[in-house]
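Asks: One structure coming up, written as structure tokens, with questions to follow.
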There are 2 protein chains.
Amino acid sequence: MKWFSVIQLLILLLANALLASADTSNHPKLVMTQSDVEKIRQQLGNVPLFDASLAAAMAEVDAEIALGISTPTPLDYSGGFTHERHKKNYAVAQKAGALYLILGEKKYANYVRDMLLQYASIYNDLPLHPKSRSYARGKIFWQCLNDANWLVYMSQAYDAIYSSLSSTERKILETKLFRPFADHISIANPQFFNRIHNHSTWGTAAVGMIGLVMGDNELVQRALYGLNIDNFSDATDDDGGFIRKQGQKAGFFANLDSAFSPDGYYTEGPYYQRYAMYPFLVFAQSLSNAGYAEQAFERNQGVLLKAVETLIQLSDNNGDFFPLNDAQKGMSLLANEIVTAIDVAYQAGQDPRLLSIAQLQQRVLLDGAGFAAAAAIAEKKSQPFKKSSVALTDGANGTDGGLAILRDSNESLALVFKYTAQGLSHGHYDKLAFSFYEQGNEILQDYGMARFVNIGQKGGGNYLAENSTWAKQSIAHNTLVINEASHFEGNYENGSQHHSELIFFDTESATAQVVSAQDLNAYPKSPMKRSMALLQLPGLEAPVVLDILEVRSSAENQYDLPFHYLGQPIDTNFNPLPVSPLESLGGDHGYQHLYLEARGSTDASNAKFTWLHKERFFTLTTVTQSGDELLMTRLGANDPQFNLRRDPSLIIRRKASDSLFVSVLEPHGSYNPVTELAANAVSNIVEVQVLTHTSKYLAIKLVMQNGQHAVFYLSQNSDFSANHQLQIGKEKVEWSGPFHFREVTHP
Amino acid sequence: MKWFSVIQLLILLLANALLASADTSNHPKLVMTQSDVEKIRQQLGNVPLFDASLAAAMAEVDAEIALGISTPTPLDYSGGFTHERHKKNYAVAQKAGALYLILGEKKYANYVRDMLLQYASIYNDLPLHPKSRSYARGKIFWQCLNDANWLVYMSQAYDAIYSSLSSTERKILETKLFRPFADHISIANPQFFNRIHNHSTWGTAAVGMIGLVMGDNELVQRALYGLNIDNFSDATDDDGGFIRKQGQKAGFFANLDSAFSPDGYYTEGPYYQRYAMYPFLVFAQSLSNAGYAEQAFERNQGVLLKAVETLIQLSDNNGDFFPLNDAQKGMSLLANEIVTAIDVAYQAGQDPRLLSIAQLQQRVLLDGAGFAAAAAIAEKKSQPFKKSSVALTDGANGTDGGLAILRDSNESLALVFKYTAQGLSHGHYDKLAFSFYEQGNEILQDYGMARFVNIGQKGGGNYLAENSTWAKQSIAHNTLVINEASHFEGNYENGSQHHSELIFFDTESATAQVVSAQDLNAYPKSPMKRSMALLQLPGLEAPVVLDILEVRSSAENQYDLPFHYLGQPIDTNFNPLPVSPLESLGGDHGYQHLYLEARGSTDASNAKFTWLHKERFFTLTTVTQSGDELLMTRLGANDPQFNLRRDPSLIIRRKASDSLFVSVLEPHGSYNPVTELAANAVSNIVEVQVLTHTSKYLAIKLVMQNGQHAVFYLSQNSDFSANHQLQIGKEKVEWSGPFHFREVTHP
């Protein structure tokens, strides 16, 4: 018996004692308690948002009841008929259970009972799902992950109707369905269950929740602390992620401990954070309702609730999540998982700003948490959630780099700057990349993922080859690419060992918000440092982004700095000469997917590019050197299945050793196709000048059309208390801290 | 003295007599009367939409008054500073005049007076505008057209403050500004003034309106009947349009008589119809207020009011006009000109459906017409404007082909089918082209024009070279192109002599709405006939489009039938093989702008292509023959200024003599990026079969996944009373009329 087994045994004994003291007979007890039910029943008809959600659920469930129960033989990938039917089954059963508790109508309990009995009658004879692609095949679905989804929802449905069932029925369900089901996604698939990964968060929550409902403490312990085995450390999953490192802890708590940074950032990014939040929160809520000794909400200074707030910060003005790492665009705060997150977090933490998100969602959970949120809204407790500039650490200890968002005071602009760790198997090779939003519109985009989730015709709705060959590659992001090779040469193992580092983050000033970070490992011989500022220039209608990227190298390299703009080119000063015919820009690392449409250059000190997107103008002004090329590219080469969008990019290409890239991104003016008025359609920046660039200081001057100018000073010393003096020509400037912004309104 | 001069003289004498009998001293008298003013003043504060419009105008005008008057020396094209400033001047002056009348505040009258006196002080010394591109240069603007805009608005401003001015001030304005201004855009530029064209509509309205205000009947007559000269019949304008044909009438009435078909369709299309409606309607209203003998509203069975209704029909679910011929996308019912059109037409015709459009616009004119509309809305007289299937004739006599719109009963789908005349200088070579909309989204697009109106960086905001080389060409439209040459070989003179012809239009049936048209001249050796049906197939969620295109030719041709879809390709059955590198598809007639991305073919009887756009799926199923190629193309070749959008197309290419193209366009299902659910993502059409195709009959069978099928029978005899019998295999069908649709719900 190994040492950790002894500890697990001790914990098991302790927990059993605690569980025995709790009331284990009363149901419901999982996400809803008997006292929740009573409170809700008393207030029916008095809480508009809850009543509306109830009515919507009734309409949906009643329609499904009328349609009849169907549990077809599993055949399809996601998007296919059997997959979608079983997925719908668990969602509807969970709602039917809630309706039964709230309304007391037996038809809902019968519906759930009959469905579960039907599953019980087929489950033991089901072979592994016929699709063999997954590293952990389910029985109802093609992967254990979806089976775990099923069990998380069905646990709630079973809990809801538990008291209405005969002991014979319970016995059938528990012995023929739930227990073997839980064993399949844990004991039979340790490579799925015993990981630190969103898959295991779902798996452990599923096993733990059915354990709580059945009063089966062995399952709860298995869920909380994982399986007592450790023999699969070199394997990888379908996405190329590592299964588990030697000696790593497992189970729900281990996932919780390692999933979030102290700031509540989930290392895979917000798309998967949204996905993982649901099992984290419903199992946490279940443990809380069960009065379990070790609670999830309090763990790690309440990081679970912090993570909900962080998820909201990680969305644009439309509530769409920033598509960092593997992420489908359009996923938003309106998702089911976020309805759960908001309601559960509100009930647990009473943050009134969460209520404004619930109002946006226009629905609540049909349980105590949803009722608490709806009732608080009816009592007008809701407060707006003001998104702000924020720096979030990455890594369980908050030491693995992070992510910064700079926002203006109007919440119109958002600059998302990424200096995180790799982000597990869903991470992209995008060190020091950024993206930029105006009024919720993507202006400089992060491509997101190459996948059409649940659209069967597109590779069964799974990740497409172009996700690896394009979406993950460095050139697909707004960051520097050296010698046409991705960061870490696109090697996952290598990338997983490193992270970028924050140098400083300062958003105290209304006119200059600044974040600076570096990466020393993406290109070991070429350390990179990027400093980004949101600057309010005198007389300009909106702040501009100042982007300063420094790279060091003793050897000459080819640098490509792409700007993945969206919109219609309006003007350039670099005379782009069309290339004909169109060929791909390179052979690998994503370059094989880019067509070079035109190539330009300029003798001027700055290259300028203006484009129009969603009725707004934007201009990029970048400091150029002799020999710089401006490449106009278009995505779509080597894409035989038409899986990629035909999006454009502007790439600054330079051959140099040590080098400095300075660019200003300026939102300006508007175009209205109805009045046909173009306002402020021309850039207000006359010139961007590098005044000095030494090992200690950098000074950038921005000269404007209105005759005014401003200078941004950056010290290589990030100490906020350090004092600096800098003389450039006749001008002497003094300041303290890592940067200084000086506006000269009367030249 | 020529014969028409004698008639003009007689009319002049008659009109003078009538004008003398009207009250010529009272002002306002143009778009607003003294009785309008009194009515409005009495009801101020009681009519919400009017009060809101008034408040908005006050805010705008007060801000401009604070800014001070500026009449800079004319320098720029549209989009440039001086152009936009003078444009703003006339718009603000017109509003200030209205505010003076309604509120009686002297500051508004003074503002208009001072601005007009400032113009009067510079006008006579102004040379021709320095930009020399126009065939008719203005003095304030680069073209007389914009000068005419100025005068139409300034006439209203002058009328409003007329009574507040001293006779000396009036004399200065009339002798130094208005009279020479009117002469410049008429006598000095007959090639502009004496045409049948929207330019002349503006020009004549401008001259006529200032004539009415000044009580100068000679100007009014000049406006109504044109200049008595005829010496410029061979010239063309900036867009290549003919100036005037020999012996053609001129003047406002001649424009009105020839501009609209009896159905109120304007031959240049809705974008220019919108532009022309303003001078038509405000001058018509002015003539009405002046009690003028010959009225515009009653002329030609009230076609002016009919034209307003037609314009509404020519918009999609968002109120955006269908971008037929030269048209900027996004122009909509919200335009200023349409606010005028709706209010004036409501006052003149009292159609309560127009009020719902005024509600959409959320503002009204600050005159009697606007007040009438706002007051009627306050009295809850508004009724919805239900858009419907409609066939509109083209040409002054309604004999020059036309345009049909097929809409389903939900107003979700709109098929726009064009068999018009050339459409003057703004016409495209797009005989028998169609476009398709779902919920206001373009699914198969009409490209519109290659122009960025008023965006100075794009060729001064004027028409771009690509408008001729791409946007006007046949291949840019969803219609047949033979041997890579546009209709009429892209020759305007030739195209202007012909039009397509309606064969029949029948939208009586709820399950089959059909329109059929032919063109015999676009390719004189290859007559084309296209029949389009909106068919409700049994069990399908939405109607499908059946597209039947027949072309006759004794020689073998290359046929290209493009479908300019918008969206993301999801699936095909024709194995498109990527082409590398990308080269343009051809050398001329628009082909030089298309890249060939991939080329496919299929041995199956149908080629199928599914795409996703705005969260909806669409499938095109087309009957293929051996040798057919499916070309996946992308716009953007030979576009050095990046003036063209990178839009995709699917082109069916066939080499044949007589040939038949049969395709079904099927909207189906949906995708939700938040729930990640793909519903009904796969086409429901199993096969489209041509059962028979003879010189008399055509029968198309549509077989569905649900086991049901339907047959569409088309007779080459378009007589609605003709009886038909057709035996195909064992099945004998009888019907009367040009088509028959038979659904077989139990196979």
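Asks: Which whole-number value in Å³ per residue fits the convex hull of the alpha carbons of the protein assembly as shown?
Replies: Hull volume normalised by residue count: 200 Å³.
Asks: A further question on this structure: Over all directions, average the projected area of the Cα convex hull of chain B and note it in nm².
Replies: Convex hull of Cα atoms, orientation-averaged projection: 34.6 nm².
Asks: Further question: So what's the net charge close to B:Ala512: Lys and Arg +1, Asp and Glu -1, counting the other residues with Cβ under 15 Å from its Cβ?
Replies: Residues near B:Ala512 contribute -2 overall.
Asks: Select from the stretch B:680-744 those chymotrypsin sites (Phe, Trp or Tyr not before Pro) which occupy a DSSP coil region and have at most 16 other Cβ atoms within 10 Å, ordered by residue number.
Replies: Of the chymotrypsin sites (Phe, Trp or Tyr not before Pro), the ones in loops of the stretch B:680-744 whose Cβ has at most 16 other Cβ atoms within 10 Å are B:Phe720.
Asks: Under 10 Å from the Cβ of B:Arg222, count the other residues' Cβ atoms, weight Lys and Arg +1, Asp and Glu -1, and hand me the total.
Replies: Charge balance in the 10 Å sphere: -3.
Asks: Answer with one residue from B:Gly707, B:Gly600, B:Phe434: the one whose Cα lies farthest towards the positive end of the charge dipole of the stretch B:390-745, charges on Cβ with Lys, Arg +1 and Asp, Glu -1.
Replies: B:Gly600
Asks: Run the Debye formula on the Cα coordinates of the stretch A:390-745, all scatterers equal and no solvent, and tell me log10 I(q)/I(0) at q = 0.07, 0.12 1/Å.
Replies: Listed by q, the Debye log ratios stand at -0.29, -0.89.
Asks: For the stretch B:171-197 and the stretch B:517-553, compute the distance between their C-alpha centroids and round to whole Å.
Replies: The two parts, judged by their Cα centres, are 49 Å apart.
Asks: On average, how many beta carbons from a partner chain sit within 10 Å of the beta carbon of a residue in A:667-676?
Replies: Mean inter-chain Cβ contacts per residue within 10 Å come to 5.
Asks: Can I ask one more? Using the crude model of +1 on Lys and Arg Cβ and -1 on Asp and Glu Cβ, and no other charge, please compute the dipole size for the stretch B:591-642 relative to its Cα centre, in debye to 20.
Replies: 200 debye
Asks: Let me ask you something else. Exceeding 30 Å between C-alpha atoms, which entries from my cross-link table qualify? They are A:Lys249/A:Lys386; B:Lys249/B:Lys386; B:Lys39/B:Lys139; A:Lys431/B:Lys329; B:Lys87/B:Lys386; B:Lys525/B:Lys696.
Replies: As for pairs spanning more than 30 Å Cα to Cα, those are A:Lys249/A:Lys386; B:Lys249/B:Lys386; B:Lys39/B:Lys139; A:Lys431/B:Lys329; B:Lys87/B:Lys386.
Asks: If one computes the Cα centroid of the stretch B:27-105 and of the stretch B:332-362, what distance in Å separates the two points?
Replies: 19 Å
Asks: How much mean residue ellipticity at 222 nm does the protein assembly as shown get from its helices, if each DSSP H run of length 4 or more adds -39500 (n - 2.57) and you divide by all residues, to the nearest 500 deg cm²/dmol?
Replies: When only DSSP H runs of four or more count, the value is -10000 deg cm²/dmol.
Asks: Sticking with this structure for a sec: Quick one: dipole size for the protein assembly as shown, taken about the Cα centre, charges +1 on Lys/Arg Cβ and -1 on Asp/Glu Cβ, in debye to the nearest 20.
Replies: Using Cβ point charges on Lys, Arg, Asp and Glu, the protein assembly as shown gives about 660 debye.
Asks: Give me the 1.4 Å probe accessible area per residue for the stretch B:1-196, excluding ligands and nucleic acids, in Å².
Replies: 42 Å²
Asks: If you average the alpha carbon positions of the stretch B:588-659 and of the stretch A:402-418, how far apart do those two centres end up, in angstrom?
Replies: Value for the Cα centre distance between the two parts: 41 Å.
Asks: Normalised by the number of residues in chain A, what is the relative contact order in percent for Cα pairs under 8 Å and 6+ residues apart?
Replies: It comes to 8 percent, rounded to a whole number.
Asks: Given a Förster distance of 51 Å, report the FRET efficiency between A:Asn483 and A:Thr511 from their Cβ-Cβ distance, rounded to the nearest 0.05.
Replies: The calculated FRET efficiency here is 0.85.
Asks: Nearest 10 degrees, 0 to 90: what angle lies between the long axis of helix A:106-123 and the longest principal axis of chain A (Cα atoms)?
Replies: Rounded to the nearest ten degrees, it is 90.
Asks: Please give the FRET efficiency for B:Val690 paired with B:Ala378, using the beta carbon to beta carbon distance and R0 = 56 Å, rounded to the nearest 0.05.
Replies: The calculated FRET efficiency here is 0.45.
Asks: Sticking with this one: Which order do peptides A:525-535, A:142-152, A:723-733 fall in by mean Cβ count within 10 Å, highest first?
Replies: A:142-152, A:525-535, A:723-733
Asks: Would you mind calculating the gained length between A:Glu583 and A:Ala66 on full extension (0.36 nm times residue separation, minus the Cα-Cα distance), in nm to one decimal?
Replies: Length difference between fully extended and current span is 180.4 nm.
Asks: With charges only on Cβ, +1 for K and R and -1 for D and E, what is the dipole size of chain B about its Cα centre, in debye, rounded to 20?
Replies: Taking the Cα centre of chain B as origin, the dipole is about 960 debye.
Asks: Positive end of the charge dipole of the stretch B:390-745 (Lys, Arg +1 and Asp, Glu -1 on Cβ, about the Cα centre): tell me which of B:Val453, B:Asn397, B:Trp470 has its Cα farthest that way.
Replies: About the Cα centre, the residue reaching furthest to the positive side is B:Trp470.
Asks: Another one. Considering the options B:Thr694, A:Ala55, B:Gly251, tell which one lies farthest towards the positive end of the dipole of the protein assembly as shown, charges being +1 on Lys and Arg and -1 on Asp and Glu at the Cβ, about the Cα centre.
Replies: Final value for the positive-end residue is A:Ala55.
Asks: If I take R0 = 45 Å and measure r between the Cβ atoms of B:Asn110 and A:Ser670 in this structure, what FRET efficiency does the formula 1/(1 + (r/R0)^6) give, to the nearest 0.05?
Replies: 0.90
Asks: Less than 9 Å Cβ to Cβ from B:Asp560, Lys/Arg counted +1 and Asp/Glu -1: what total charge do the surrounding residues give?
Replies: Cβ neighbours under 9 Å give a net charge of +1.
Asks: Something else about it: Within 10 Å of each candidate Cβ there may be at most 13 other Cβ atoms; applying that plus a DSSP loop requirement, which trypsin sites (Lys or Arg not before Pro) in the stretch A:88-133 survive?
Replies: Sparse-neighbourhood loop trypsin sites (Lys or Arg not before Pro): A:Arg133.
Asks: Follow-up question, since we're still on this one. Starting with the highest mean, order B:328-336, B:505-513, B:220-228 by the number of other Cβ atoms within 10 Å, averaged over the residues of each peptide.
Replies: In decreasing order of mean packing, B:328-336, B:505-513, B:220-228 become B:220-228, B:328-336, B:505-513.
Asks: Another question, then. Count, for each residue of A:634-641, the Cβ atoms from other chains sitting within 10 Å of its Cβ, then give me the mean as a whole number.
Replies: Going residue by residue through A:634-641 and averaging, the value is 5.
Asks: Treating the stretch B:1-196 as a set of equal point scatterers at the Cα positions, no solvent, please give the Debye-formula log₁₀ I(q)/I(0) at q = 0.09, 0.10 Å⁻¹.
Replies: At q = 0.09, 0.10 Å⁻¹ the computed log10 ratios are -0.40, -0.49.
Asks: Report the GluC sites (Glu not before Pro) located in the stretch A:368-441 that are in a DSSP loop and have at most 12 other Cβ atoms inside 10 Å of their Cβ, or state none.
Replies: A:Glu379
Asks: When the gyration tensor of the stretch A:566-680 is built from Cα positions, what are the square roots of 5 times its three eigenvalues, in whole Å, from largest to smallest?
Replies: 25, 22, 12
The values are calculated or read from the model by the stated rules, or taken from the named source; none is laboratory data. As the structure is a prediction and not an experimental result, all values here were calculated from the model. Note that we place each Cβ from the backbone using ideal geometry, even for glycine, and neighbour counts take in every protein chain shown. Surface areas here come from the heavy atoms of the whole protein model, side chains and all, with no ligands, DNA or RNA. Shrake-Rupley method; radii C 1.70, N 1.55, O 1.52, S 1.80 Å.
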